[in-house]
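Undergrad: To start, I am sharing the structure in question, which I have written as structure tokens.
The values are calculated or read from the model by the stated rules, or taken from the named source; none is laboratory data. In this text the structure is predicted, and so the values were computed from the model without any measurement. Backbone-built Cβ (ideal geometry, glycine too); neighbour counts: all protein chains shown.
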Number of protein chains: 2
Amino acid sequence: MLQQSPRLTGICNERRPGTVRCNCFHRSCQSKIVTVPTASSSYHQGFRWPRMGLRVWNAVLLVCLSFLLAPESMEAFLRPASAYPPLLQALQKGPLKVSLVGSGNWGTAVGKIVAANAKDSHIFNTDVRMWVFEEEVEGRKLTDWINNNHENRKYLPGFELPSNLRAVPSLTDACRDADLLVFVMPHQFIEKACRELKKAQLLPPHTRAISLIKGIGVRNGWPITLTHEIGSILDLPKPCILSGANVASDVAAENFAEATIGHPDGETETAALWQLLFDRPNFKINVLPDVDGVEVCGALKNVVALAGGFCEGMGQGTNTKAAILRLGVEEIKTFIMTFFGDLLADTLYDSAGYADVITTVFGGRNSKVAAEFVRQKGKGWDELEREMLNGQKLQGPATLELVAEVIRANEVEHLFPLFMSTYRVAFEGADPQTILDVFRTKQPRSIQRSEDCVKLKVPTLVQDARNRIASRLRKLGRSISELTRNPLDAPNDNAASANHKKDSCPRN
Amino acid sequence: MLQQSPRLTGICNERRPGTVRCNCFHRSCQSKIVTVPTASSSYHQGFRWPRMGLRVWNAVLLVCLSFLLAPESMEAFLRPASAYPPLLQALQKGPLKVSLVGSGNWGTAVGKIVAANAKDSHIFNTDVRMWVFEEEVEGRKLTDWINNNHENRKYLPGFELPSNLRAVPSLTDACRDADLLVFVMPHQFIEKACRELKKAQLLPPHTRAISLIKGIGVRNGWPITLTHEIGSILDLPKPCILSGANVASDVAAENFAEATIGHPDGETETAALWQLLFDRPNFKINVLPDVDGVEVCGALKNVVALAGGFCEGMGQGTNTKAAILRLGVEEIKTFIMTFFGDLLADTLYDSAGYADVITTVFGGRNSKVAAEFVRQKGKGWDELEREMLNGQKLQGPATLELVAEVIRANEVEHLFPLFMSTYRVAFEGADPQTILDVFRTKQPRSIQRSEDCVKLKVPTLVQDARNRIASRLRKLGRSISELTRNPLDAPNDNAASANHKKDSCPRN
């Protein structure tokens, strides 16, 4: 399939008999994947296809050739998307070095994916380093387990890890000269780790980071995302975020799962590389231009899960749970719009949006513990956490406290009735039934008018289908209203009813 | 709370000590509920408040007075929204007569709500008629049970119905001269009932209908909504639709639930009246200007439930179920856009959207039976329905057949990979695992660019809060970037990093 792109600008990563497949990053490409015959020495408008061989240099050659042949079209491509040097610069020197900062349950599951993708890649270095906080497990060091037995005996036992995933006990050694940093650790340790990395000054200026951490911070009554924190401490471009409806052990077992990567403005190319790093047949990645939306959804879903759990604990039915979930997502939307600016409809439709909130409310640990909080009235969060979670941490209550702090500091309690009533139940001894009072108003709700609503964009494929259907009908000389007319309604009937419809309404 | 609306135009429905509360339908009102002191004889710009007394005539007097005092502002209000006479005309002659067409499980639960609202209303006639298909229950007629024992012994046993809900065994008697028709019956009987009503010619031209039925039809390979069918057979304006995450017995037990009313263009006033008819403290109604979107979501959710059930039957985890749910909603979106035109983001966020799909996938009967379909390989749908549902009907497979028929007839299989693979599993003996093949592609998914995404509108209340926060910060001489700066980053550091950021990127 030869794409008629004006210029091939991208990274080739797969050689097949007679063809090469390339990932095209250029805006002008019609498709992300371009397949070009190796045999043909020229490709559209005399663009020469370089001989395959020095694989790593393909991208560099491509870029230089394109630049020489058509400087104007390359300018937009090479112009640094942000004020930081683009990653492509690093690719000129060889495959990108990937380091994982964190090696817990989720970190190891992700390490397994990343290392598998890096194994035969021309884009990523085969050696994937993972920072492991050293500890003894069954008489051996954890790094020893991972590097020699290829198993994270403590946090992901029973899963074989790729041999190119290398555990490194020193944070600085693990991250030295890394082009791509994957942060996946409990959020309370982030600041310390970032400061240590910053102090050691071992990251090149083009380094990009991504956060897989769910959480949120507060400073001066204002919410701080962890991507903001990582980016500002390390002085990197704002990192991307990966979030979605994922249970670590299911992902490690290669059950099918999806996730969303959200990227900030100007980092589309970086996000495309992150997608190549994480995308597996059983772990599909959508990429969206919205980093704050994706991140805040992931953090605040646990607050909605608490409300859902309280409702479960009161013995309410699915009707009520659905209403709580709906209002919970509304308040997440409001939180993002109030404190972070715009929000894309697409974010909520993606894996990091509704799908993640649903799985958290309908089966997450926050929801389960919150239900017990209501049933075993009088027990505190710490006590329930100890009894029920077997060492795992409960994120919901801590996040809820931060959220309530932000809401109060900015005097916007009226916009968050569900979050605030959940807070009062969780921390101020309020009756769980008061959550339902948020809904049970006597007044009818205000009517949403057309001008307050947002029409979804019709995707190109759907628009094409609509056009094709319309032109087929035109050729047949038929219309949709003709198709849908009830055959029992004779045409005369229709004429009569048309007259009737014209009856105007008396004015008094 | 005296609203500074330019003109009060609406229907008053509650007298309190010293005040009256009115529902304002006029576009110029800032709020839907207006409270005015009874004592004050004038209200904003000399508008005279009529003495309360002849309650029914309040609305008429209001309309006439407003018309006399400010004809230009009233014109938009009185102008028939569609080509049919507005309902307000009927209100001039007295309270609106409500009839329910259907008396099953959901019909009776809704009848309970409607009759309770009509009991002390000045807008709706106290006598609410409900068409009951006559049958013998425990030796007595079902109408006798309802009218004398106030219980639908067969379809909603154990719940006391309001005494003003009157069962009528004849369809024509039940609907004669009805101003408001509530259709809530199995969808296969709709056409027959509508034709009987049309033939009897007993509906006034201003009659409005609403459908509470979930289902879809097909004619000439094109999907037909039931509201379209009802409206076109009865020659009424396109009816509204009520749909949401509702379980009939939970609603009857007055557990909290929500629903969405979708209305067609120009029927906002009608929808506002429907809202007053259905809204209860435990059954809250949102109103949206989107009838096809709400209706198709309600019909197609059962198809997604089948896919979710298959996935459950294969023993897949929540990750996979969440992915199926997400893609299912995507394909519902695509179906609406392909065959019905525009879709509002708001519809999917409402009770009839995601909330309803979730409860159906995570606990509905279609999902449960589909899981057994996979587990007990070889059994047919009819057999499972008989064994598992105790006389209830399974809507999913029938809807799926219609949906597949529409998709094939219009040659758009490529837009509906999940629906079509679900169809092949349900009806063509395909391996359930093939559903997962829809997701497990080797190619990375295409990247969504900003221009393909839709920004949500910031609601007025949220915008107000944003402005207030910004002005408070200005007064304090602070900025958000100052609030969020990490105190450990000294200002000098920032200057240094700003310089660093300016490093431009080498061009080759």
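Undergrad: Need at least 2 residues that are at pLDDT 95 or above, in contact with a Pro (Cβ under 9 Å, 6 or more places away or on another chain) and more than 14 Å from every other protein chain (Cβ to nearest Cβ) per element, so show me which helices (runs of 4 or more DSSP H) inside the stretch B:59-142 make the cut, counting only ones lying wholly within it.
TA: Fully inside the stretch B:59-142 and qualifying: B:105-119.
Undergrad: Report yes if some residue within the stretch B:187-196 is in a loop (DSSP other than H, G, I, E, B) and either assigned by the TED database to the domain that holds B:Ile113 or over 23 Å from A:Ile480 (Cβ atoms) (or both); otherwise report no.
TA: no
Undergrad: Collect the residues in the stretch A:407-419 that are buried (at least 20 other Cβ atoms within 10 Å of the Cβ) and more than 15 Å from A:Lys333 (Cα to Cα), keeping them in residue-number order.
TA: A:Asn410
Undergrad: Now a separate question. Could you grab me the full set of residues in the stretch B:315-335 that are more than 10 Å from chain A (Cβ to nearest Cβ) and closer than 20 Å to A:Asn246 by Cα?
TA: B:Gly328
Undergrad: From A:Glu160, A:Glu134, which residue is free of Cβ contacts under 8 Å to residues at least 24 places away in the same chain, farther than 24 Å from A:Gly231 by Cα and assigned by the TED database to the domain that holds A:Asp235?
TA: On inspection, the qualifying residue turns out to be A:Glu160.
Undergrad: In addition: Can you tell me which of B:Ala245, B:Ala253 is more than 22 Å from B:Leu88 (Cβ to Cβ), under 18 Å from the mean Cα position of the chain (by Cα) and not β-branched (Val, Ile, Thr)?
TA: Only one candidate passes the filter, namely B:Ala245.
Undergrad: Across the stretch A:228-253, which residue is nearest to A:Ala200 (Cα to Cα) among those that are more than 10 Å from every other protein chain (Cβ to nearest Cβ) and not hydrophobic (A, V, I, L, M, F, W, C)?
TA: Checked the stretch A:228-253; the qualifying residue nearest to A:Ala200 (Cα to Cα) is A:Gly231.
Undergrad: Now for a different question. Checking A:Ser479 against (1) within 10 Å of chain B (Cβ to nearest Cβ); (2) touching a helix residue (DSSP H, G or I) at 6+ places or on another chain (Cβ under 8 Å); (3) closer than 30 Å to B:Phe335 by Cβ; (4) modelled with pLDDT under 90, only one condition comes out false. Which one?
TA: Failing condition for A:Ser479: (1).
Undergrad: Is it the case that A:Ser446 is within 14 Å of chain B (Cβ to nearest Cβ) and under 13 Å from A:Gly309 (Cα atoms)?
TA: The answer is no for A:Ser446.
Undergrad: Which condition breaks for A:Gln463 when tested against (1) of a type outside the set (Phe, Trp, Tyr); (2) assigned to a helix (DSSP H, G or I); (3) under 30 Å from B:Glu191 (Cβ atoms); (4) out of contact with any helix residue (DSSP H, G or I) (no Cβ under 6 Å at 6 or more places or on another chain)?
TA: Going through the list (1) of a type outside the set (Phe, Trp, Tyr); (2) assigned to a helix (DSSP H, G or I); (3) under 30 Å from B:Glu191 (Cβ atoms); (4) out of contact with any helix residue (DSSP H, G or I) (no Cβ under 6 Å at 6 or more places or on another chain), A:Gln463 breaks only (3).
Undergrad: Kindly list the number of the only condition in (1) surrounded by fewer than 24 Cβ atoms within 10 Å (Cβ to Cβ); (2) within 22 Å of the chain's Cα centre (by Cα); (3) without any contact (Cβ under 8 Å) to a residue 60 or more places away in the chain that fails for B:Pro186.
TA: (3)
Undergrad: With B:Arg219, B:Arg166, B:Arg195 as the choices, which residue is over 20 Å from B:Ala271 (Cα atoms), within 14 Å of chain A (Cβ to nearest Cβ) and out of contact with any Leu (no Cβ under 7 Å at 6 or more places or on another chain)?
TA: B:Arg195
Undergrad: If you don't mind, there's one more thing I want to ask. Of all residues in the stretch B:159-194, which are farther than 23 Å from B:Ala299 by Cα and among the basic types (Lys, Arg)?
TA: B:Arg166, B:Arg176
Undergrad: Please go through the stretch A:413-458 and give me each residue that is assigned to a helix (DSSP H, G or I), more than 33 Å from the chain's Cα centre (by Cα) and not charged (D, E, K, R), ordered by number. Before the answer, list the steps.
TA: Of the stretch A:413-458, the ones assigned to a helix (DSSP H, G or I) are A:413-415, A:417-427, A:434-437, A:450-452.
Now restrict to residues that are more than 33 Å from the chain's Cα centre (by Cα): A:434, A:437.
Of everything in the stretch A:413-458, just one residue is assigned to a helix (DSSP H, G or I), more than 33 Å from the chain's Cα centre (by Cα) and not charged (D, E, K, R), namely A:Thr434.
Undergrad: For the structure I just gave you, tell me whether A:Ile224 is closer than 25 Å to A:Thr268 by Cβ and either in a loop (DSSP other than H, G, I, E, B) or within 11 Å of chain B (Cβ to nearest Cβ) (or both).
TA: Working: closer than 25 Å to A:Thr268 by Cβ: yes; either in a loop (DSSP other than H, G, I, E, B) or within 11 Å of chain B (Cβ to nearest Cβ) (or both): yes.
Against the criterion (closer than 25 Å to A:Thr268 by Cβ and either in a loop (DSSP other than H, G, I, E, B) or within 11 Å of chain B (Cβ to nearest Cβ) (or both)), A:Ile224 qualifies.
Undergrad: Working only within the stretch A:178-189, note down all residues that are modelled with pLDDT under 95 and either touching a strand residue (DSSP E or B) at 6+ places or on another chain (Cβ under 6 Å) or of a type outside the set (S, T, N, Q) (or both).
TA: A:Met185, A:Pro186, A:His187, A:Phe189
Undergrad: Answer yes or no as to whether A:Leu288 is of a type in the set (A, V, I, L, M), crowded, with 24+ Cβ neighbours inside 10 Å, in contact with a strand residue (DSSP E or B) (Cβ under 8 Å, 6 or more places away or on another chain) and away from chain B (no Cβ under 11 Å).
TA: no
Undergrad: Suppose we filter the stretch A:355-397 for residues that are farther than 30 Å from A:Ala345 by Cα and without any contact (Cβ under 8 Å) to a residue 12 or more places away in the chain; how many remain?
TA: Of the residues in the stretch A:355-397, 11 are farther than 30 Å from A:Ala345 by Cα and without any contact (Cβ under 8 Å) to a residue 12 or more places away in the chain.
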